[in-house]
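Written out below as structure tokens is the structure these notes cover.
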Amino acid sequence: MTAISGEQKKSSRLKEKTLDGYNFAYLDDQTKRMIRRATLKAVAIPGYQVPFGSREMPLPFGWGTGGIQVTASIIGIDDTLKVIDQGADDTTNAVNIRRFFAKTAGVETTENTSDASIIQTRHRIPEAKLKSDQIIVYQVPIPEPLRWIEPREEETRKMHALTEYGVMHVGLYENIAHFGKVTTSYNYPVQVNDHYVMSPSPIPKFDNPKMDEMPALQLFGAGREKRIYAVPPYTKVKSLDFEDHPFEIESWSECCALCGSSSSFLDEVITDDKGSRMFVCSDSNFCANRRAKGHKGPGLPRKFEIKDIE
Amino acid sequence: MYVAVKGGDAAIENSQTLLAEERRGDRRVPELTLDQIKNQLSISVDRVMAEGSLYDRDLAALAIKQARGDIVEAIFLLRAYRTTLPRFGNTHPIDTAKMQIRRRISATFKDLPGGQILGPSFDYTHRLLDFSLVENSDSPVAEEASENILAEMPRVTELLDDEGLIEKEIDVNEQEPFDVTRNSLKFPASREARLQNLARGDEGFLLALAYSTQRGWGKTHPFAGEIRMGEVGVEIIPEELGFPIEVGEITVTECQMVNQFKGSATIPAQFTRGYGLTFGHNERKAMSMGILDRSLRSKELGEAINAPAQDEEFVLSHSCNVEASGFVQHLKLPHYVDFQSELVTVRALRKATTFSEKKEDSTGSKNVEGAE
């Protein structure tokens, strides 16, 4: 989070690189101040959803406007930005948001997780461990974890205030009673700092453990729903579970076809219409770095069988 | 392979060039001008300004051209532009009593001071395609009336108010009004927040909900006390001057709905109000808004709440078409990480079921069931 100082050199660079007729990083300074205040409040109350005066952005609601507003209000000219969608830097929406900031803020962008000072993400946390000088900004569609149980905010606000989360556990219990296990596979609710139950945004539950005690600051922006929330560095984040049904994550019996990794989240790629498929890392940067270091996967797709999946 | 949903700069740029080409259409046809849109698609311009929350005919016309006539997309363009504009202050409330009337009708009185003024309206046209418009033709020029319209047209609700027949409209707001464009809406919402939300809400959504409560899902079936459309002056009070100056003139449509009376043994019966106001000429929207404003007062007036149109959180949370359109269409974005998680879960569940089915088979329990 670099302040935009009055240094001549920087301001001239600013002028050269940013979009004519618009402020640095699109938003006007009053709006940025309002968002920063909401963000500070969010950091001070981990997991609590802070209402903010979300603006219309030139990208559609539901496409990352919350994350974009948070990023726009914290980004400085010295920042290096990485944007991922589904873990990958080269998906269209990630490319588009990166282009937006390159155009309106003229900042450096990178695909390399460790080089980024701000990482804006949709649906994933990078595989590489984040550091304490990094900020990860999540794009959040529905910030309210209780929404599917109680759609009314007048009610859910009270439930949060009273830490009244019994219904969440009842929901999990019913799930176990019905299927023998918890079937929520993404957007798996977490409890932050032993108080607020929070939506991790629709990351796969595979990524939930990465949130716990993460050295990086985690910010969550929900533009359409006008909420910001946060998890400060080194904060306890626990996925809801029961003693006899502990939280567990997805696993694959396959490894990545390109880099051979067996510890990363794998996407399934269908390669023909006869059931052949291959598995590849969803984190494209993680995969590329491994391949650069000489790791190799089995490559060619093969006939897929049901016993392959645990 | 492995590129299906991945696309870089080049793909996006090509797509946008193609879009621009399709927007232009056949190059042998002259390109639309903003003047043409402003003048001949004026109702579209009005709607885009109203739901875009920005009164600027030129920008609205530009948005319509850029959006290829997609009105919701044009609204989005205007909103995204509006949000970058600095804000100088609040205007004085507009005074619709001083409106230069172009249309004014009441459904509650046959005749009334000021008269019924039909103005330009689709209402009594026969909806027959006019094939004379296929070729550009000389449109008729309307004749000017011999009589002047009243400079201060009395409001129907004021006539009722004189007798105490309708609830008083009380200005409760001494301080700065709530602004839905700058703050996150909270529930229960204040009336000003509700009216702002409805004023920029999607016309189709408001129309459908207003219709639903008229049909009995809720029970707001009011009288159109008055609808008026015309131009009003917009005034601000600059701090250094201390008195109001007019900064412009806007066209608005105002609708005052007169609703079922309310009363008790101790409170004399009175009609209640519902208020609608839109930029430009848009009676469908203004009337829907008037109905919903009243319908959403159910809680305040102690009525049973059992229909969507009475449910403030339901209506106000879903009225914005920029939000709705974005979120519905975000499903076009890749979801393959979440889908992969679901695949893993569903396959694991199916595998477990396959095992238990086999077990049942071996004990014969399945066959017994089958025999029944």
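Summary of computed values
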read-out	value
Sorted peptide list for B:241-254, A:284-297, criterion being average Cβ within 10 angstrom, highest first	A:284-297, B:241-254
For A:Ser239, distant residues with modelled amide H under 5 Å away	A:Gln191
Qualifying trypsin sites (Lys or Arg not before Pro) in region B:250-323, DSSP loop, other Cβ atoms within 10 Å at most 13	B:Lys299
Within region A:168-235, GluC sites (Glu not before Pro) in DSSP loop having at most 16 other beta-carbon neighbours inside 10 Å	A:Glu213
Rg/Rg_globular for chain B, with Rg_globular taken as 2.2 N^0.38 Å and Rg from C-alpha atoms	1.31
FRET efficiency, 1/(1 + (r/R0)^6) with R0 35 Å, evaluated for B:Glu303 and B:Ile237 via beta carbons	0.35
Sequence of A:Tyr229, A:Tyr22, A:Tyr165 once ranked by neighbouring C-beta atoms within 10 Å, starting from the fewest	A:Tyr22, A:Tyr165, A:Tyr229
Positive-pole candidate from A:Leu162, A:Gly76, A:Tyr138, dipole of chain A, charges at beta carbon	A:Gly76
Under the Karplus curve 6.51 cos²θ - 1.76 cosθ + 1.60, θ = phi - 60°, whole-Hz ³J(HN,Hα) for region A:102-114, x wherever Gly or Pro sits	4, 6, 8, 10, x, 7, 5, 10, 8, 9, 7, 3, 6
Cα-centre dipole for the protein assembly as shown with unit charges at Cβ (Lys and Arg positive, Asp and Glu negative), debye to 20	1900 debye
Calculated [θ] (222 nm, deg cm²/dmol) that DSSP helices of n ≥ 4 give over chain B, each run adding -39,500 (n - 2.57)	-12000 deg cm²/dmol
Three-way shape label, region B:9-82, alpha-carbon gyration tensor, a/c 1.5	oblate
Chain A: calculated mean residue ellipticity at 222 nm from DSSP helix runs of at least 4, using -39500 (n - 2.57)	-8000 deg cm²/dmol
Net dipole in debye of chain A [+1 Lys, Arg Cβ; -1 Asp, Glu Cβ; about Cα centre; nearest 20]	1000 debye
Whether region B:220-312 is rounded, prolate or oblate, judged on the alpha carbon gyration tensor where a/c under 1.5 counts as rounded	prolate
Cα gyration tensor category, rounded, prolate or oblate, for region A:157-255 with a/c compared to 1.5	oblate
Antiparallel %, DSSP beta bridges [both residues in chain A], to 5	60 percent
Relative contact order of region B:9-82, defined on C-alpha pairs under 8 angstrom at six or more residues apart (%)	27 percent
Chain A, relative contact order [Cα under 8 Å, separation at least 6], %	19 percent
Inter-chain shielding of A:49-60 (mean C-beta neighbours from other protein chains, 10 Å cut-off)	6
Sequence-separation-based contact order of chain B, relative, with Cα cut under 8 Å and 6+ spacing, percent	16 percent
Least to most buried among B:His221, A:His123 (fewest other Cβ within 10 Å first)	B:His221, A:His123
Other-chain or far-sequence residues with amide H under 5 Å of A:Tyr186's (modelled H)	A:Lys205
Exposure proxy order (Cβ contacts within 10 Å, fewest to most) of A:Trp63, A:Trp148, A:Trp252, B:Trp217	A:Trp148, B:Trp217, A:Trp252, A:Trp63
Electrostatic dipole magnitude of region B:1-139 [Cβ: Lys, Arg +1; Asp, Glu -1; Cα centre; debye, to 20]	440 debye
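No value in this document is a laboratory result; all are computed from the given coordinates. For clarity, every value in this text was computed on a predicted model and none was experimentally measured. Methodologically, a virtual Cβ is constructed for each residue, glycine included, from the backbone with ideal geometry; neighbour enumeration extends over all protein chains shown.
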